[in-house]
């Protein structure tokens, strides 16, 4: 299993950690340029990802993700690894592939009905709370998108995601009704349903969204996981990539 797909009309893929050339804790399809993995290996991995979507590696575009709510509209490519600080990107340019790096946060891919206007967002709890999903949809609508659908890719799921009062308090400060996305864990802690929270924010914005049923923390064979690394006190981690490509008009 090298990648997963959804019902989105645009060409896309949620890649697993398998099918690359990296070694050690980055094995094998690590696509993050911000870690300590050998850059040549990462570029090879990203070239394989681009090839799977019939895209020039130079047109596989990513960001310096910062857990914020900024969405970038892409009209021209930038050098590999030189993306702006943001957490989503959208485009209507054909053959551009938009990539999001994750290792427990939710990769959310968007498409209009034609597959021409597409978007990709990095939605950890901070970004989802801040409005990154709505910002992505707004940027797509500014390009002329009508009906938009989304898919929430492999991420940490509720049974694996124990959180403290700081996260819960931040979510409930915006909307106390969002308590429904928490279930009690050990005293003073809860399990948070990140993909369902993202889905609810999208639905409130008029965007139907499906959730892929893959828990990155629980499935070590197929996914990198920041939470799993933290629990084991490991020093390094790889990141998988999720990509969507604008169709030719």
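The values are calculated or read from the model by the stated rules, or taken from the named source; none is laboratory data. In this text the structure is predicted, and so the values were computed from the model without any measurement. With ideal geometry, Cβ positions are generated from the backbone for all residues, glycine too; neighbour counts draw on all protein chains shown.
How many residues, within region 3-23, are more than 17 Å from residue 45 (Cα to Cα) and in contact with a helix residue (DSSP H, G or I) (Cβ under 6 Å, 6 or more places away or on another chain)?
Of the residues in that region, 0 qualify.
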Condition (residue is touching a helix residue (DSSP H, G or I) at 6+ places or on another chain (Cβ under 8 Å), surrounded by fewer than 24 Cβ atoms within 10 Å (Cβ to Cβ) and in a strand (DSSP E or B)) applied to region 136-152: is it met by at least one residue? yes
Tell me the residue from 172, 167 that is touching a strand residue (DSSP E or B) at 6+ places or on another chain (Cβ under 9 Å) and farther than 26 Å from residue 101 by Cβ, please. 172
Confirm whether residue 32 is in a loop (DSSP other than H, G, I, E, B), surrounded by fewer than 17 Cβ atoms within 10 Å (Cβ to Cβ) and under 17 Å from the mean Cα position of the chain (by Cα). no
Scanning region 109-119 for residues that are part of a strand (DSSP E or B) and in contact with a helix residue (DSSP H, G or I) (Cβ under 8 Å, 6 or more places away or on another chain) gives 110, 112, 118, 119
Subset of region 182-205 [within 24 Å of residue 8 (Cβ to Cβ) and either surrounded by 22 or more Cβ atoms within 10 Å (Cβ to Cβ) or in contact (Cβ under 8 Å) with a residue 24 or more places away in the chain (or both)]: 193, 194, 195, 196, 197, 198, 199, 201, 202, 205
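Which of the residues spanning region 80-91 are within 19 Å of residue 138 (Cα to Cα) and assigned to a loop (DSSP other than H, G, I, E, B)?
84, 86, 87
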Spot the failing condition for residue 42; the list is (1) in contact with a strand residue (DSSP E or B) (Cβ under 8 Å, 6 or more places away or on another chain); (2) crowded, with 24+ Cβ neighbours inside 10 Å; (3) farther than 25 Å from residue 210 by Cβ, and only one is missed. (1)
Can you tell me which of 49, 66 is touching a strand residue (DSSP E or B) at 6+ places or on another chain (Cβ under 9 Å), modelled with pLDDT of 95 or more and not in a loop (DSSP other than H, G, I, E, B)? 49
Determine if region 92-106 includes at least one residue that is surrounded by 17 or more Cβ atoms within 10 Å (Cβ to Cβ), without any contact (Cβ under 8 Å) to a residue 40 or more places away in the chain, outside any loop (DSSP other than H, G, I, E, B) and within 18 Å of the chain's Cα centre (by Cα). no
Condition test on residue 225, is it farther than 28 Å from residue 112 by Cα and out of contact with any strand residue (DSSP E or B) (no Cβ under 8 Å at 6 or more places or on another chain)? yes
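May I ask you to verify whether residue 172 is without any contact (Cβ under 8 Å) to a residue 40 or more places away in the chain, touching a helix residue (DSSP H, G or I) at 6+ places or on another chain (Cβ under 7 Å) and either surrounded by 21 or more Cβ atoms within 10 Å (Cβ to Cβ) or assigned to a helix (DSSP H, G or I) (or both)?
yes
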